1. Report, by residue number, each residue of segment 63-99 that is under 18 Å from N295 (Cβ atoms) and hydrophobic (A, V, I, L, M, F, W, C).
2. Would you pick out the residues in segment 280-297 that are touching a helix residue (DSSP H, G or I) at 6+ places or on another chain (Cβ under 8 Å), farther than 16 Å from I72 by Cα and not aromatic (F, W, Y)?
3. Only one residue in R209, R270, R278 is within 11 Å of the ligand (Cβ to nearest atom), basic (K, R) and either crowded, with 24+ Cβ neighbours inside 10 Å or touching a residue at least 12 places away in the same chain (Cβ under 8 Å) (or both). Which one?
4. When both residues are 6+ apart or on different chains and their Cβ atoms are under 7 Å apart, which pairs have a first residue that lies in segment 13-27 and is touching a residue at least 12 places away in the same chain (Cβ under 8 Å), and a second that is among the charged types (D, E, K, R)?
5. Checking L232 against (1) more than 9 Å from the ligand (Cβ to nearest atom); (2) more than 17 Å from A258 (Cβ to Cβ), which single condition isn't satisfied?
6. Please count how many residues of segment 153-186 are outside any helix (DSSP H, G or I) and either surrounded by fewer than 24 Cβ atoms within 10 Å (Cβ to Cβ) or within 10 Å of the ligand (Cβ to nearest atom) (or both).
7. Only one of these conditions is not met by Q247: (1) touching a helix residue (DSSP H, G or I) at 6+ places or on another chain (Cβ under 9 Å); (2) farther than 25 Å from S63 by Cα; (3) not in a helix (DSSP H, G or I). Which number is it?
Amino acid sequence: MNEIFEKISSYGHEQVVYCNDKNTGLKAIIAIHNTILGPSLGGCRMYPYQSDSAALEDVLRLSKGMTYKASISNLNLGGGKAVIIGDPKKVKTSELLKSFGRFVDTLNGRYITAEDVGMTVEDMEHIRSQSKHVTGITQSLGGSGDPSIFTALGVFIGMKAALKKKYQTESFDNLKVGIQGFGKVGYYLSKHLFEAGAKIYGFDVDQERLSIVCKEFGVTPIPNGDLMNLDLDIFSPCALGGIINPQTIQSLKCQIIAGAANNQLLDEKRESKTINDRNILYVPDYVINAGGLMNVANELTGYDSSKATRQVEGIYDTLLEIFNLSEHQNLSTIEAANLIAEKRIQDSK
Ligand code: NAD
């Protein structure tokens, strides 16, 4: 018991709820990291975790990230996240999702859920049947639809801010951009880049996803290992976390790292120092990928897509503020982002 409290305290969480329903087989953990700025909002991930402790570690890490993401994005929301343990392809049923919805409801809005890995918009509707504390539902039900479109727009806008800082221009013309992962975000991001005149290189483990972007946006396929060794203006991780690590970091030849994946740096402190030493501009992941959160957050006050778009466009100025703070105080960009996010929470106490 002590070990769990130690772990929770080390991340600074307010509350962690274990949900168990023997009738539906539901085993879930809801983690509320911080509610100083508002109710905690964050997606529910369904994944076949190897152990309960792996599930706990994931939900604690992800929910803490949501606190920082909401704060830096000027949203009056706190950070929370949920995980359901199990393979979504094998054990996800409408009854299990409804059971999860009833647990969400017991928290009376301290935690608002949304979709994440392993969950779909349709799944949210089952949860919604048991609790109103759900976002990421379909447009036909007053929701905001697919958040990836806004996440990709935010990444594209964030890339512009990075270009401004690094090259004093926002032009993508003939710039070399390498994308790892052409899923929902990677696809829409490629579209923006293609239309802006960038040369796109990339890799996806899913051959079908790769051929779609090659055909539609002229992407040049590159074997995964080689993508990070390529002479690129921008490397954009849009698949996995932990992709910037001691094994990969020395071979990077890009000028800028700017992508949608969460927790791109395996070890934030260690990797950000090496990135700085190598004079690569790292765009903090939770800042550049906040477009989807901004979009779903709008559902809470009555969805307005033009307001969501304006908020996403604000990522540009937020990033310039972070880059300037990082330069003037000799901090890594992630340290500068953390400082701004933490200050907003402190100031509102
Ligand atoms: P997705 O599941 O639709 O796409 C991920 C893609 O990465 C898939 O096409 C998959 O085949 C590919 N992939 C998996 N392993 C790979 C590997 N080793 N090398 C290359 N490609 C690989 O996910 P998404 O919604 O596009 O999200 C992409 C990333 O951005 C994720 O890390 C996600 O957590 C993060 N993110 C997404 C959103 C959003 O709105 N969807 C918001 C914030 C952060």
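No lab work stands behind these numbers, since they all come straight from the coordinates. All of these numbers come straight from a predicted model, not from anything done at the bench. Reconstructed Cβ throughout: ideal geometry from the backbone, glycine too, with neighbour counts over all protein chains shown.
1. M66, A70, I72, L75, L77
2. The one that is touching a helix residue (DSSP H, G or I) at 6+ places or on another chain (Cβ under 8 Å), farther than 16 Å from I72 by Cα and not aromatic (F, W, Y): L281.
3. Working: R270 fails: within 11 Å of the ligand (Cβ to nearest atom); R278 fails: within 11 Å of the ligand (Cβ to nearest atom).
Sole residue among the options that is within 11 Å of the ligand (Cβ to nearest atom), basic (K, R) and either crowded, with 24+ Cβ neighbours inside 10 Å or touching a residue at least 12 places away in the same chain (Cβ under 8 Å) (or both): R209.
4. Partner pairs satisfying both residue conditions: T24/E95.
5. Looking at each condition in turn, L232 falls short on (2).
6. Start the filter on segment 153-186 by keeping residues that are outside any helix (DSSP H, G or I), which leaves 168-183.
Narrowing further to those that are either surrounded by fewer than 24 Cβ atoms within 10 Å (Cβ to Cβ) or within 10 Å of the ligand (Cβ to nearest atom) (or both): 168-176, 179-183.
So the count comes out to 14.
7. For Q247, the failing item is (1).
For every residue, the table says whether it meets (1) outside any helix (DSSP H, G or I); (2) crowded, with 18+ Cβ neighbours inside 10 Å; (3) among the hydrophobic types (A, V, I, L, M, F, W, C).
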residue	(1), (2), (3)
E3	no, no, no
S9	no, no, no
N20	yes, no, no
S53	no, no, no
L56	no, yes, yes
V59	no, yes, yes
L62	no, yes, yes
M66	no, yes, yes
